[in-house]
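The values are calculated or read from the model by the stated rules, or taken from the named source; none is laboratory data. Nothing here was measured: the structure is a model prediction, and the numbers come from that model. Here the Cβ positions follow ideal geometry from the backbone for every residue, glycine too, while neighbour counts run over all protein chains shown.
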Amino acid sequence: MRYFRLMDYFDTPWEQRLVVSQMVDLVCEIDPEFRQELTDPYPLEASPEYAFLQSQRPNFLAKKESLKEFDESLKGRRARLIDYKINAPQTLASAVRSVLGLSASEISDEAAIAKVLDPQQNSQLGDTLNLNTLSKWGRTLMHPHYTFRKKISHTADSQDQRHRMTPASRPVLSAQYSGQADYIVPKLIEEVPEAEEIFKASMKETFETINQLLEMGVETQFALYLLPNAFPIRFEESGDLLNLHHKWHSRACYTAQEEIFYATVDELEEVKAVHPQLVEHILAPCYLRKRAGIRPICPEGDRFCGVKVWDKSLEEYERVI
């Protein structure tokens, strides 16, 4: 019902609207009264975002300036920390004490934090089922909170969205299209100059074709079907330490999607600069399992990357796959 209500909203293409309509039709064949419960699709033209964007188009110059401003704010990183709860360590320690029924004189902040975040003391951190979401100590990790500004490719963003509990405010896609060739070069392609040259030539041709279609009057959503997977998505993303912990240690694995791996490294380094005690033991899954005394150390089986990542510090994380 929610799909039907929002199927005309940003950024739902014609193809998806068709699927939703057919889904509703199939349900109504079995339960005709279902249609009586539906609310008409929300008109895109009635949305405040649409009204504002219509007044701006086609201001590509302003878009270029906003994208430049965003990129410069990242200072060369894929992800930058832009907001956080300043007293997160103290709040976390207090929550641990509440769970245990102890006073500050009985357990210090440092000891309380270690109880929940050091795999040597909390072996559940090495469990593949992510027990933190239900355990007494794990739930204390909900209180620290961080917000990041990020720029990753369309491909990486599709992977990033699988982490439903670290939500983001993603853009209206057309609002970040500036008319210029805008893309992220995969690290592996950067390693081979000949491949990079071919890649960049392909990107140039693709964006020129999109612009030609727009000039011909082709509807924006159809022209943007040509956007490459390398097109960058710029957005803000937030999460509590409970769910960021799961995302970070999962994506710090050398077999994780490459851009999200490096964005994870950026995020951990950013938090380390303000709350080092909270991320000291958030590294790849194999590190957590080794420190928790769980075997095999690598949980990936035949997908083991071949590198003893469990012995590496965050500053040593480097890979090209």
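Assorted remarks:
- Residues satisfying the stated conditions in segment 67-87, i.e. in contact (Cβ under 8 Å) with a residue 60 or more places away in the chain and polar (S, T, N, Q): S73
- Tallying residues that are among the small types (G, A, S) and surrounded by fewer than 12 Cβ atoms within 10 Å (Cβ to Cβ) within segment 203-225 yields 1.
- Residue list for segment 268-310, filter: more than 27 Å from L92 (Cα to Cα), in contact with a helix residue (DSSP H, G or I) (Cβ under 8 Å, 6 or more places away or on another chain) and outside any loop (DSSP other than H, G, I, E, B): V309
- In segment 113-148, the qualifying residues are those that are out of contact with any helix residue (DSSP H, G or I) (no Cβ under 9 Å at 6 or more places or on another chain) and in a loop (DSSP other than H, G, I, E, B), and the one that is surrounded by the most Cβ atoms within 10 Å (Cβ to Cβ) is L134.
- The criterion of at least 1 residues that are aromatic (F, W, Y) and either in contact with a Pro (Cβ under 6 Å, 6 or more places away or on another chain) or modelled with pLDDT of 95 or more (or both) is met, among helices (runs of 4 or more DSSP H) falling completely within segment 4-62, by 34-37.
- Some residue of segment 195-202 being touching a helix residue (DSSP H, G or I) at 6+ places or on another chain (Cβ under 6 Å), surrounded by 21 or more Cβ atoms within 10 Å (Cβ to Cβ) and in a helix (DSSP H, G or I): no
- Residue list for segment 202-257, restricted to those being of a type in the set (K, R) and either touching a residue at least 40 places away in the same chain (Cβ under 8 Å) or closer than 22 Å to Y317 by Cα (or both): R234, K247, R251
- Residues (among the β-branched types (V, I, T), surrounded by fewer than 13 Cβ atoms within 10 Å (Cβ to Cβ) and either within 30 Å of G217 (Cα to Cα) or touching a residue at least 12 places away in the same chain (Cβ under 8 Å) (or both)) located in segment 21-58: T39
- Unmet criterion (only one of (1) part of a strand (DSSP E or B); (2) surrounded by fewer than 20 Cβ atoms within 10 Å (Cβ to Cβ)) for M165: (1)
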